[in-house]
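The values are calculated or read from the model by the stated rules, or taken from the named source; none is laboratory data. Model, not experiment: these values are computed from the prediction. Glycine also receives a Cβ, built like all others from the backbone with ideal geometry; neighbour counts cover every protein chain displayed.
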Amino acid sequence: MLTTAVAIAPRIQAKTGDADDSIRQFLAQQKGQPAYRALRRLEARSGDKQGWMEAMTTYSPQTGFDYAITAEGGSGVIRTKVLRAVLQGERETIGQGETATAALVLANYTFEPMGVDDDGLANVLLSPRRKEPVLVAGTMFLQPADGDLVRLEGRLAKSPSFWLKTVDIIQKYERVHGVVVPVALESRAQLRVFGSATLRMTYEYSEIEGRQVTSQLAQR
């Protein structure tokens with residue numbers, strides 16, 4: 001038994017070291033949100049009500065975030081109270097200059113390496129330094145070789161509304177045209193009155209940092 005422990009220990013230590021290196025690489029490449037243009041599809045469900053929406057979204061450091069709804073269907077309540085609220089909330093957050101408080105940087109989080117999992121991803125425990133609704137308590141998953149962010153899972157450090165008891169999210173990222181950007185978001189919220197609600201949002205980029213994305217799938 002002692003021999004087994006000695007043999008396994010270096011492998012565990014090496015994995016922890018890989019995760020630690022990934023954190024340093026990840027933090028070194030944080031340069032703020034890039035300018036982009038993307039079509040988003042949003043879908044939400046609560047009980048027997050469901051709705052969907054497609055919106056062309058744009059962002060630049062100079063003009064901020066904006067959106068234009070191009071198609072929608074399903075429950076009017078879901079579209080108004082959930083889907084439009086998501087887009088409007090993002091516009092207000094960026095317009096008020098709060099993106100810096102949400103960034104995955106040392107000013108907002110402590111990062112603890114947790115080793116490399118069976119999928120070969122470095123697991124990093126995220127602990128928000130403040131209880132704010134733009135921060136997430138959970139885990140981020142990085143590529144050990146370069147520190148690229150692959151996935152973020154956790155719970156909002158503070159509920160954005162009295163009516164929401166908890167909000168859990170899974171956000172997925174990919175490198176498109178040389179830039180790591182979000183490509184999908186899944187969220188589950190517990191409402192005080194209506195029970196649980198789910199949200200899914202996907203991004204299809206047509207432009208990043210002024211360069212046209214001819215085929216997002218080809219960039220993945």
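Out of segment 55-87, which residues are in a loop (DSSP other than H, G, I, E, B), farther than 17 Å from Ala38 by Cβ and out of contact with any strand residue (DSSP E or B) (no Cβ under 8 Å at 6 or more places or on another chain)? Let's see the steps before the verdict.
So in segment 55-87, the residues in a loop (DSSP other than H, G, I, E, B) come out as 61-63, 75.
Still in the running and farther than 17 Å from Ala38 by Cβ: 62, 75.
The answer is Gln62, and nothing else.
Any residue in segment 28-49 that is over 21 Å from Ala184 (Cα atoms) sitting within a Cβ distance under 7 Å of a residue that is crowded, with 18+ Cβ neighbours inside 10 Å and among the hydrophobic types (A, V, I, L, M, F, W, C)? List the pairs, counting only those 6 or more apart or interchain.
Close Cβ pairs satisfying both conditions: Lys49/Ile78.
Filter segment 93-106 for residues that are within 11 Å of Gly64 (Cα to Cα) and either touching a Ser or Thr at 6+ places or on another chain (Cβ under 9 Å) or modelled with pLDDT of 95 or more (or both) and give the result. Quick ask: steps written out before the conclusion?
First, pick out the residues of segment 93-106 that are within 11 Å of Gly64 (Cα to Cα): 93-97, 99.
Once the filter is applied, which keeps residues that are within 11 Å of Gly64 (Cα to Cα) and either touching a Ser or Thr at 6+ places or on another chain (Cβ under 9 Å) or modelled with pLDDT of 95 or more (or both), segment 93-106 yields Thr93, Thr99.
Out of Glu153, Glu98, report the one residue that is buried (at least 16 other Cβ atoms within 10 Å of the Cβ) and within 18 Å of the chain's Cα centre (by Cα).
Numbers: Glu98 fails: buried (at least 16 other Cβ atoms within 10 Å of the Cβ).
Unique residue meeting the criteria: Glu153.
What is the residue count in segment 36-60 for residues that are crowded, with 18+ Cβ neighbours inside 10 Å and among the basic types (Lys, Arg)?
Number of matching residues: 2.
If you scan segment 32-47, which residues turn out to be among the small types (Gly, Ala, Ser), within 16 Å of the chain's Cα centre (by Cα) and not in a loop (DSSP other than H, G, I, E, B)?
Going through segment 32-47, the residues among the small types (Gly, Ala, Ser) turn out to be 32, 35, 38, 44, 46-47.
Now narrow it down to the ones that are within 16 Å of the chain's Cα centre (by Cα): 32, 38.
The one that is among the small types (Gly, Ala, Ser), within 16 Å of the chain's Cα centre (by Cα) and not in a loop (DSSP other than H, G, I, E, B): Ala38.
Taking into account only those residues within segment 101-131 that are within 18 Å of the chain's Cα centre (by Cα) and over 20 Å from Lys158 (Cα atoms), which is surrounded by the most Cβ atoms within 10 Å (Cβ to Cβ)?
Across segment 101-131, the extreme among qualifying residues is Ala122.
Please work out if Glu90 is in a loop (DSSP other than H, G, I, E, B), among the acidic types (Asp, Glu) and at pLDDT below 95.
Working: in a loop (DSSP other than H, G, I, E, B): no; among the acidic types (Asp, Glu): yes; at pLDDT below 95: yes.
Here the answer is no, as Glu90 does not meet what is asked.
Would you kindly identify the strands (runs of 3 or more DSSP E) lying entirely within segment 107-220 that contain at least 3 residues that are modelled with pLDDT under 95, in contact with an Asp or Glu (Cβ under 8 Å, 6 or more places away or on another chain) and of a type in the set (A, V, I, L, M)? Don't jump to the end; show me each part of the working.
On the way: elements: 109-116, 122-128, 136-142, 149-156, 164-176, 179-191, 195-208.
Result: 179-191.
Lys31: closer than 19 Å to Met201 by Cα and modelled with pLDDT under 95, yes or no? Step through it out loud before you land on a result.
On the way: closer than 19 Å to Met201 by Cα: no; modelled with pLDDT under 95: yes.
Answer is no for this residue.
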